[in-house]
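The values are calculated or read from the model by the stated rules, or taken from the named source; none is laboratory data. Just so you know, these numbers come straight off a predicted model, no measurement behind them. Please note: Cβ atoms are built from the backbone with ideal geometry, for glycine as well, and neighbour counts cover all protein chains shown. What goes into the accessible areas is simple: the full protein's heavy atoms, side chains included, and nothing from ligands, DNA or RNA. Shrake-Rupley method; radii C 1.70, N 1.55, O 1.52, S 1.80 Å.
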Amino acid sequence: MKILAIDTSNYALGIAVIDGEKVIGEYITNVKKNHSIRVMPSIERLLLDCDLKPADLTKIVVAKGPGSYTGVRIGVTIAKTLAWTLNIPLVGVSSLAILASSVGRYYQGSVSPLFDARRGQIYTGLYRYEDAKFTTSVEDQILLAKDWAAQLKESSEPILFVGNDLPLHKSTLTDILGSQALFAEITEHNPRPAELALLGTDMEGEEIHSFVPNYIRLAEAESKWLEANKLKD
Amino acid sequence: MKKDQYIMGIETSCDETAVAIVKNGREIVANVVASQIESHKRFGGVVPEIASRHHVEQLTVVLEEAMEKANLHFSDIDAIAVTEGPGLVGALLIGVNSAKALAFAHGIPLIGVHHIAGHIYANRIVTEMKFPLLALVVSGGHTELVYMKEHGHFEVIGETRDDAAGEAYDKVARTLNLPYPGGPHIDRLAQEGEATIDLPRAWLEEGSYDFSFSGLKSAVINTVHNAEQRGENIAPENLAASFQQSVIDVLVKKTALAVKEYKVKQVLLAGGVAANKGLRAALEQEFQQVEGIDLVIPPLSLCTDNAAMIASAGSIFFEKGQRAQLSLNANPGLDITTHNYQQ
Ligand SMILES: [Zn+2]
């Protein structure tokens with residue numbers, strides 16, 4: 001089993017190869033540089049360093065969003081093409097789940113991973129480990145950070161926040177949640193591609209042709225069109 | 001005996017997801033195009049974000065269909081040629097990244113192709129090129145006269161200073177309440193009418209091969225507007241015919257002048273507007289009888305965006321040794337002359 005994991009859904013770019021027993025190689029950067037230029041050379045370099053050929057791969061796991069539309073599409077396009085042409089299974093994992101899974105494994109409570117979604121909004125969900133099983137208690141969604149904090153306040157349980165965009169929303173979260181809000185250290189904010197690979201290890205392969213990113217949101221023109229056509233009915 | 005060469009072409013620069021396989025640069029083995037036009041019609045034009053989403057949905061499906069039609073394995077493919085630009089950046093990215101993944105997975109050379117070079121090379125599938133030649137490229141995004149002294153060498157001698165001819169067609173179509181895309185509708189309507197309305201022709205300064213269509217477009221809009229104010233009815237078929245005549249006059253006259261100055265042996269028509277019946281007829285009338293000049297007009301399926309044209313251009317660039325790295329990026333502002341220096 002040689003699983004290749006690809007995450008280009010946000011600024012962090014991550015590539016990993018794991019074989020179930022161990023993480024063979026992992027590459028992460030967190031810089032504002034063009035993913036389209038760097039992903040394939042990064043995959044090539046990692047496989048070369050790990051003495052692997054494309055034909056050695058047995059599965060592709062990709063971060064399917066949410067995140068930057070373009071970023072997610074680059075990873076998903078490469079993952080779909082590789083899985084199709086190498087004739088191996090393709091699995092998609094929530095980009096938010098990757099963050100929550102690695103930081104939540106040794107934490108007794110709920111984790112809220114987040115990415116900035118502009119204009120005060122965030123992409124987030126709520127995850128936790130229950131009896132050593134990783135579970136989703138609130139599905140990935142987009143909403144205002146202040147609305148999310150207000151929702152979480154009702155539960156009055158401590159929430160661990162994680163993600164590179166935390167500095168943009170930390171004050172909003174603290175203002176509303178006070179000491180109920182806990183924040184992960186900077187070393188946890190880059191989604192680990194090895195974690196992505198691990199999450200995908202036991203998941204069943206999906207239909208490759210129809211595989212699409214989880215954008216969460218419709219394209220703006222699409223939602224406006226639906227709105228306009230609903231009014232006509 | 002020389003081994004046959006098979007090039008795979010991938011094209012996603014706008015709203016067609018296309019994959020083709022071309023043998024020895026000239027013979028189509030597979031040519032699959034998935035059009036998104038039905039989806040974009042709702043919006044009266046191509047919406048970039050939606051185009052990108054559709055490409056992600058379609059690309060592996062189209063790849064599979066092309067490979068099945070060709071009945072080939074990737075071990076038979078000599079190179080992957082992909083549209084690098086110009087076009088919609090988000091749309092181009094899908095083709096480029098998929099092409100890179102394929103090239104990497106199978107250790108096949110990768111070639112970046114300029115979209116317009118592709119349109120020009122669609123002609124090579126019809127007939128072998130004769131140099132020097134002149135290509136008139138007319139599409140939704142382009143109006144250019146390209147001079148080629150040899151394979152893989154491009155010189156833009158004239159281009160539009162404002163709207164592309166295809167853009168002017170779409171805007172005039174909107175003024176006449178015709179559905180998107182407007183080109184075919186105006187062309188059809190023009191066949192039924194007569195060019196009775198006086199509209200301007202932008203010749204620009206003496207000796208220039210550049211084009212300008214925004215003045216003509218405004219003149220059409222004004223004509224309709226003024227008639228409405230006077231409560232008059234303009235026959236739309238006559239307006240369409242007059243508009244089309246004006247566009248064609250300029251395109252054909254400038255091409256004819258360039259043909260003389262550059263002493264070319266072949267005139268090629270390329271780009272989506274090459275499907276226009278009026279333009280085809282006018283070019284045929286101008287050049288068909290001229291000795292020493294061949295006029296080549298590809299069939300409709302090769303005029304609109306497709307990947308066979310990308311593979312055909314890629315075949316020449318492959319022979320010339322042009323190779324792209326895995327760092328190849330989509331380049332919406334790509335210049336066609338970049339091909340000239342990669343020999
Ligand atoms: Zn085109």
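Some observations on this one:
- Some residue of segment A:153-167 being assigned to a strand (DSSP E or B) and over 30 Å from A:Glu220 (Cβ atoms): yes
- Residue match in segment B:85-102 (condition: away from the ligand (no atom under 15 Å from the Cβ), of a type in the set (D, E, K, R) and open to solvent by 20 Å² or more (accessible area, probe 1.4 Å)): no
- Members of segment B:12-62 that are facing another protein chain (nearest Cβ under 10 Å) and hydroxyl-bearing (Ser, Thr, Tyr): B:Thr12, B:Ser39, B:Ser52, B:Thr60
- Residues in segment A:30-46 that are within 10 Å of another protein chain (Cβ to nearest Cβ) and touching a residue at least 40 places away in the same chain (Cβ under 8 Å): A:His35 alone.
- For segment A:58-98, a tally of residues being within 11 Å of chain B (Cβ to nearest Cβ), polar (S, T, N, Q) and part of a helix (DSSP H, G or I) returns 4.
- Selection from segment A:19-57 of residues that are among the basic types (Lys, Arg) and either touching a His at 6+ places or on another chain (Cβ under 7 Å) or not in a helix (DSSP H, G or I) (or both): A:Lys22, A:Lys32, A:Lys33, A:Lys53
- Residue check, B:Gln289 out of contact with any Leu (no Cβ under 7 Å at 6 or more places or on another chain), without any contact (Cβ under 8 Å) to a residue 24 or more places away in the chain and part of a helix (DSSP H, G or I): no
- Selection of segment B:107-134 for residues being closer than 28 Å to A:Met40 by Cβ and not β-branched (Val, Ile, Thr) yields B:Gly107, B:Pro109, B:Leu110, B:Gly112, B:His114, B:His115, B:Ala117, B:Gly118, B:His119, B:Tyr121.
Per-residue answers, yes or no, for (1) away from the ligand (no atom under 16 Å from the Cβ); (2) open to solvent by 10 Å² or more (accessible area, probe 1.4 Å); (3) farther than 20 Å from B:Ser212 by Cβ:
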{"position": "B:Val126", "(1), (2), (3)": "yes, yes, yes"}
{"position": "B:Met129", "(1), (2), (3)": "yes, yes, yes"}
{"position": "B:Glu159", "(1), (2), (3)": "no, yes, no"}
{"position": "B:Val172", "(1), (2), (3)": "yes, no, no"}
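- Verdict on A:Glu139 being among the acidic types (Asp, Glu) and in a helix (DSSP H, G or I): no
- Restricting segment B:302-316 to residues that are within 13 Å of the ligand (Cβ to nearest atom) and either part of a helix (DSSP H, G or I) or within 14 Å of another protein chain (Cβ to nearest Cβ) (or both), the residue that is nearest to B:Val273 (Cα to Cα) is B:Cys303.
- Of all the criteria given as (1) touching a residue at least 40 places away in the same chain (Cβ under 8 Å); (2) more than 10 Å from every other protein chain (Cβ to nearest Cβ); (3) over 21 Å from A:Lys133 (Cα atoms); (4) among the β-branched types (Val, Ile, Thr), the one not satisfied by A:Thr201 is (3).
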